[in-house]
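A short write-up of the structure that comes next.
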Amino acid sequence: MDDAYAAPPSPNILLEQLLKNGVTDVVWLPDSETNKLFLLLKAEPSLRLIGVSREGPACSLAAGLYTGGRTPVVLIQNTGLMECGDSLRGWVLGLNIPVVFIVGYRGWKRHGVTQDTAAIYTEPFLNAFGIQYYLVESDADAAHITVAFEESKNKKKPVAVLVAGE
Amino acid sequence: MLKIFQQHRRDAIVIPGRGGRHWVKISTRPDLDAPLGDPAMGGHASFALGLALARPERKVIVFDSEGDLLMNLGILATVAEQKPANLYHFMLDNECYATTGGQPVPNCGNIAYDAIARGCGYPRASAYSDLESLSKDLGGILHQPGPAFVALKVFPEIENAPLGKRPRWMTRTRVQVLGELREALGIAK
């Protein structure tokens, strides 16, 4: 196996993608998969970090930011993604808000066998809401993030990027 | 009560929340209103925070409700941390879930929402139970920098009819509302 595919995505590459796509605000709640990315975001002066204490409000907050002309991204874990179902329905899908969700894929295994229900339900959840998603499991997948931003903007819909790290 | 606000709103963005059906009848700046009804319960304050952070040059007034806020109390900490000087967070407390038949909210009548907001870090928080006092103070509240939280006791307007049989008050779709607001703010659609 190529080493580039063996290593999880590097936080620097993820940050580079966010900046490349004009992100101005990061609405976030900590998760173990993207913690190192959070530390980089915090040190990046061009980004505003807005911490929430539950993921549902991240949806309406992002909707408000977008309405006011900003380019927010939501950074949460897959557990929180499932928590915010009704807000995702009403405040994002229902209002045609183009926002990318960077989702830490807790429980993901490269070969697909996991006992973690957070991982088991993640993709069925996104499919139920009709939300397109892209898996980023190594730096080689980083370009998928730009694809997600473009798709979100063009279709005025949320798109998810699942950040995997075994 | 909303008529008193109308006298003070100037060019503020107004998110009327559950008061939307009354606000749309009296608003003189519908282009700066976001009457979204109830996209999903609990989200009005965080939507308002997003707008306030995005447009710091303009006041943002939100009419939240106690039922919504109880679903999303953590937003008070987020607002306090972000310190938007242009956000005015009014919360109408009718002590019940009026749109589902008037069932009481948990511990109705015994919650000091202004104390919770202050405890979360809002620099200014107050509570009113009569229109006269509010009317006297409102200009001052909106003149000082935010974030400000104001809890207002109101009488419930109980609705019991099934959702599909209630009169429709929204004259624009939610997507139209946001599109027109963005246009009024000079943002491309």
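The values are calculated or read from the model by the stated rules, or taken from the named source; none is laboratory data. As the structure is a prediction and not an experimental result, all values here were calculated from the model. When we count neighbours, we look across all protein chains shown, and the Cβ atoms used for this are built from the backbone with ideal geometry, even at glycine.
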Requested in this report: State all residues of region A:33-47 that are at pLDDT below 95 and either of a type in the set (K, R) or assigned to a loop (DSSP other than H, G, I, E, B) (or both); if no residue qualifies, say none.
Outcome: A:K36, A:K42
Query raised in the report: Since B:I75 meets every condition but one in (1) more than 11 Å from every other protein chain (Cβ to nearest Cβ); (2) more than 13 Å from the chain's Cα centre (by Cα), which condition does it not meet?
Result: (1)
Report summary line: By residue number, the members of region B:7-17 that are within 14 Å of another protein chain (Cβ to nearest Cβ) and either charged (D, E, K, R) or not in a strand (DSSP E or B) (or both) are B:A12, B:G17
Query - Looking only at region A:96-107, and only at residues there that are crowded, with 24+ Cβ neighbours inside 10 Å and farther than 18 Å from A:E150 by Cα, the one that is nearest to the other protein chains (Cβ to nearest Cβ) - result: A:G104
Requested in this report: Show the residue pairs that are 6+ apart or on different chains and have beta-carbon atoms under 8 Å apart, the first residue being within region A:63-77 and farther than 22 Å from A:L162 by Cα, the second being assigned to a loop (DSSP other than H, G, I, E, B) and among the charged types (D, E, K, R).
Outcome: A:G68/B:R55; A:G69/B:R55
Report task. Starting from residues that are under 26 Å from A:K20 (Cβ atoms) and out of contact with any Phe, Trp or Tyr (no Cβ under 9 Å at 6 or more places or on another chain), keep the ones in region A:66-83 and report whichever is surrounded by the fewest Cβ atoms within 10 Å (Cβ to Cβ). Result -> A:G69
Report task. Among the numbered conditions (1) assigned to a loop (DSSP other than H, G, I, E, B); (2) surrounded by fewer than 19 Cβ atoms within 10 Å (Cβ to Cβ), tell me where B:R21 comes up short. Result -> (1)
Query raised in the report: Does region A:48-60 contain any residue that is within 18 Å of B:L87 (Cβ to Cβ), facing chain B (nearest Cβ under 7 Å), part of a helix (DSSP H, G or I) and touching a helix residue (DSSP H, G or I) at 6+ places or on another chain (Cβ under 7 Å)?
Result: yes
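Restricting attention to region A:16-28, report how many residues are more than 10 Å from chain B (Cβ to nearest Cβ) and buried (at least 17 other Cβ atoms within 10 Å of the Cβ).
The total comes to 6.
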Requested in this report: Please enumerate the residues belonging to region B:63-95 that are in contact with a Pro (Cβ under 8 Å, 6 or more places away or on another chain), surrounded by fewer than 24 Cβ atoms within 10 Å (Cβ to Cβ) and either among the aromatic types (F, W, Y) or not in a helix (DSSP H, G or I) (or both).
Outcome: B:N72, B:G74, B:K83, B:P84, B:A85, B:N86, B:N94, B:E95
Query - Count of residues meeting criterion [touching a Pro at 6+ places or on another chain (Cβ under 9 Å) and part of a helix (DSSP H, G or I)] in region B:96-112 - result: 1
Query raised in the report: Out of the residues in region A:62-93 that are among the hydroxyl-bearing types (S, T, Y) and at the interface with chain B (Cβ under 8 Å from one of its Cβ atoms), which is farthest from the chain's Cα centre (by Cα)?
Result: A:T67
Requested in this report: Just name the residue that is farthest from the other protein chains (Cβ to nearest Cβ) out of those in region B:32-62 that are assigned to a helix (DSSP H, G or I) and more than 16 Å from B:V14 (Cβ to Cβ).
Outcome: B:L53
